[in-house]
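Undergrad: Just dropping this structure here.
We did not get these values from a lab; they are worked out from the coordinates using the rules stated. Everything numeric here is computed off the predicted structure, so don't read it as measured data. For neighbour counting, all protein chains shown are included, and Cβ atoms are generated from backbone atoms with ideal geometry for every residue, glycine included.
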Amino acid sequence: MKIVQMMVGQMTVYAYLVGCEKTGQALAIDPAGNEDRIVAEATRQGWTIVGIVNTHGHPDHTCGNTRLKELTGAPILIHQDDAGPMVSREAQQFAAMLGCAGTPPADRTLSHGETVSAGQEVALTVIHTPGHSPGSMCLYTPGHVFTGDTLFVGAVGRTDLPGGSWSQMLKSIQEHILTLPDDTVVWPGHDYGDSPSSTVGEQREHNPFLH
């Protein structure tokens, strides 16, 4: 398995390609712009994108869904609790305000504990982490966790948007992320910290929002 981190769009969003080097199949996580560049990078790696996974439904993370699906034919996957809000009128208005495209509906909804796979090497377990949004989720495979807007390097996601909850956010992080092995690499949804990635142990010790 190989991970490629890419900063895309206007909102310093990190998109990810997670590829199986045996089969050439890959998942795209949070395509938030620069879709042609995402596909070009997948091609450069020798990968075919077989799934588009959104860690949550906010337009800054889903605005590349339409174009990427057009380019790849890959299905869109999101947690079931954000599937409706992702295509709501409010989300479409928010997308327009950001200068982003809206997104089609999800092709498959996910729930806690399910696995999203690509090829033989990529198997990401869904961890439901509400707080930033009702359907926020992290994606875990041994050694790595993609945290979306739940946990950043040195920060946590905002909770002042519709459906957000500070108490849920802290509960999600404490119960589902900080319980992972300390050396698990944290791959966040935005470039808000002093490094593009971190570890669970580093965030437990140094993230000021968790103390």
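Undergrad: What number comes out for the charge environment of Thr72, summing +1 per Lys or Arg and -1 per Asp or Glu over other residues with Cβ under 13 Å away?
TA: -3
Undergrad: Scale the Cα Rg of region 1-67 by the rule-of-thumb value 2.2 N^0.38 Å and send over the ratio, two decimals.
TA: Working it through for region 1-67, the quotient is 1.01.
Undergrad: For a bin width of 10 Å, list the pair-distance distribution of region 34-154 built from all Cα-Cα distances, rounded to whole %.
TA: That works out to 14, 42, 38, 6, 0, in percent per bin.
Undergrad: So how do Phe146, Phe152, Phe94 line up by other beta-carbon neighbours within 10 Å, fewest first?
TA: Listed from fewest to most nearby Cβ atoms, that is Phe94, Phe152, Phe146.
Undergrad: Please list the non-local residues whose amide H lies under 5 Å from the amide H of Gly33, H modeled 1.01 Å from N, same-chain partners needing a gap of 5 or more.
TA: The answer is Gly64.
Undergrad: Further question: Grab the other residues whose beta carbon is less than 10 angstrom from that of Gly189, score K and R as +1, D and E as -1, and report the net.
TA: Net of charged neighbours comes to -4.
Undergrad: Residues of region 65-87 with backbone nitrogen within less than 11 Å of a virtual label 7 Å along the Cα-to-Cβ line of Gln10, please, listed as ranges.
TA: Hits in region 65-87 for Gln10 at 11 Å: none.
Undergrad: Right, another one. Can you list the HN-Hα couplings for region 4-16, worked out from phi with the Karplus curve (6.51, -1.76, 1.60; θ = phi - 60°), rounded to whole Hz and with x for Gly and Pro?
TA: 10, 9, 9, 8, 9, x, 9, 10, 6, 8, 8, 9, 9
Undergrad: For a quick check: with amide H placed at 1.01 Å from N, whose amide H comes under 5 Å from Phe152's, ignoring anything fewer than 5 positions away on the same chain?
TA: Residues meeting the criterion, in which the H sits 1.01 Å from N, are Gly157.
Undergrad: Placing +1 at every Lys and Arg Cβ and -1 at every Asp and Glu Cβ, with all other atoms neutral, what dipole size does region 63-191 have around its Cα centre, in debye to the nearest 20?
TA: That gives a dipole near 300 debye.
Undergrad: Can you give me the long-range amide H partners of Val53? Hydrogens built in the peptide plane at 1.01 Å from N, cutoff under 5 Å, separation of 5 or more residues or another chain.
TA: Counting only residues 5 or more places away or on other chains, the set is Ala28, Ile29, Asp30, Leu77.
Undergrad: Next question. Step through the residues of region 58-65 one at a time and calculate ³J(HN,Hα) from phi using the Karplus curve (6.51 cos²θ - 1.76 cosθ + 1.60, θ = phi - 60°), rounding each to whole Hz and writing x for Gly and Pro.
TA: Whole-Hz 3J(HN,Hα) from phi for region 58-65: 5, x, 5, 10, 10, 5, x, 4.
Undergrad: Mind pulling the per residue volume of the convex hull built on the Cα atoms of the chain? Å³ is fine.
TA: Per residue, the Cα convex hull of the chain comes to 102 Å³.
Undergrad: Next question, about the same structure. Sticking with the crude label model, points 7 Å out along Cα→Cβ, report the distance from Ala40 to Leu161 in nm, one decimal please.
TA: With each label placed 7 Å out from Cα toward Cβ, I get 2.8 nm.
Undergrad: For a quick protection proxy, order the peptides 113-122, 18-27 by their average other-Cβ count within 10 Å, most packed first.
TA: Final packing ranking: 18-27, 113-122.
Undergrad: Apply the Karplus curve 6.51 cos²θ - 1.76 cosθ + 1.60, θ = phi - 60°, to the phi angles in region 127-144 and return the couplings in whole Hz, x for Gly and Pro.
TA: Each residue's phi maps through the Karplus curve to give 10, 6, 10, x, x, 6, 8, x, x, 4, 9, 10, 10, 10, 9, x, x, 8 Hz.
Undergrad: Still on this model: Which values, in whole Å and largest first, are the semi-axes of the equivalent ellipsoid of region 89-191 obtained as the square root of 5 times each eigenvalue of the Cα gyration tensor?
TA: 24, 18, 13
Undergrad: Just subtract the alpha-carbon distance of Ser117 and His206 from 0.36 nm times their residue separation and send over the number in nm, one decimal.
TA: 28.8 nm
Undergrad: State, as an integer percentage, the relative contact order of the chain based on alpha-carbon contacts under 8 Å between residues 6 or more apart.
TA: After rounding, I find 16 percent.
Undergrad: Could you name the lysines in cross-link range of Lys69, using Cα to Cα under 23 Å and dropping any fewer than eight places away on the same chain?
TA: Those lysines meeting the cut-off are Lys2.
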